[in-house]
1. If a residue must be surrounded by 20 or more Cβ atoms within 10 Å (Cβ to Cβ) and farther than 14 Å from residue 4 by Cβ, how many such residues does segment 86-105 contain?
2. Within segment 70-82, can you find the residues that are buried (at least 16 other Cβ atoms within 10 Å of the Cβ), assigned to a loop (DSSP other than H, G, I, E, B) and within 9 Å of the ligand (Cβ to nearest atom)?
3. Suppose we keep only residues that are part of a strand (DSSP E or B) and over 14 Å from residue 30 (Cβ atoms) within segment 86-101. Which one would you say is nearest to the ligand (Cβ to nearest atom)?
4. Mind checking which residues of segment 41-53 are surrounded by 14 or more Cβ atoms within 10 Å (Cβ to Cβ) and either more than 22 Å from residue 96 (Cα to Cα) or away from the ligand (no atom under 15 Å from the Cβ) (or both)?
5. If you go through segment 30-39, how many residues are in contact with a strand residue (DSSP E or B) (Cβ under 7 Å, 6 or more places away or on another chain) and farther than 17 Å from residue 82 by Cα?
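Any read-out appearing in this document is the output of simple, stated calculations on the displayed coordinates, not a laboratory observation. Everything quoted here is computed from the prediction, not taken from an experiment. With ideal geometry, Cβ positions are generated from the backbone for all residues, glycine too; neighbour counts draw on all protein chains shown.
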Ligand code: FES
């Protein structure tokens, strides 16, 4: 596993997704209620970028709405919660250390 530095935690805005690219993959990072979540940045339905997706509050796990066809994913598990997507998004561990936000990724 490797850690990828995303940025400073204080630069994140609540429910405003940030996207990074790693090994030709987009990873989306979201802060909601002070918690960080990271999932694949492309919808599993038709690979539309989720960066403009709206974040919905759903108890302990926020959800992201795909801007294309309004599919939804749970940001804790990556599982789709509303069709059309059927496949889950990959999720990533997020580590906040010394004010910096890191995403853990598999080594290539
Ligand atoms: S591309 Fe995301 S719901 Fe269709």
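1. Within segment 86-105, residues that are surrounded by 20 or more Cβ atoms within 10 Å (Cβ to Cβ) and farther than 14 Å from residue 4 by Cβ number 1.
2. Hit for segment 70-82 is 71, nothing else.
3. My answer is 95.
4. Result: 42, 43, 44, 45, 48, 49, 50, 53.
5. 5
Listed here are the residues, each with its yes/no results for (1) away from the ligand (no atom under 14 Å from the Cβ); (2) surrounded by 15 or more Cβ atoms within 10 Å (Cβ to Cβ); (3) in a strand (DSSP E or B).
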| position | (1), (2), (3) |
| --- | --- |
| 7 | yes, no, yes |
| 13 | yes, no, no |
| 20 | yes, yes, yes |
| 30 | yes, yes, yes |
| 39 | no, yes, yes |
| 68 | no, yes, no |
| 84 | no, no, no |
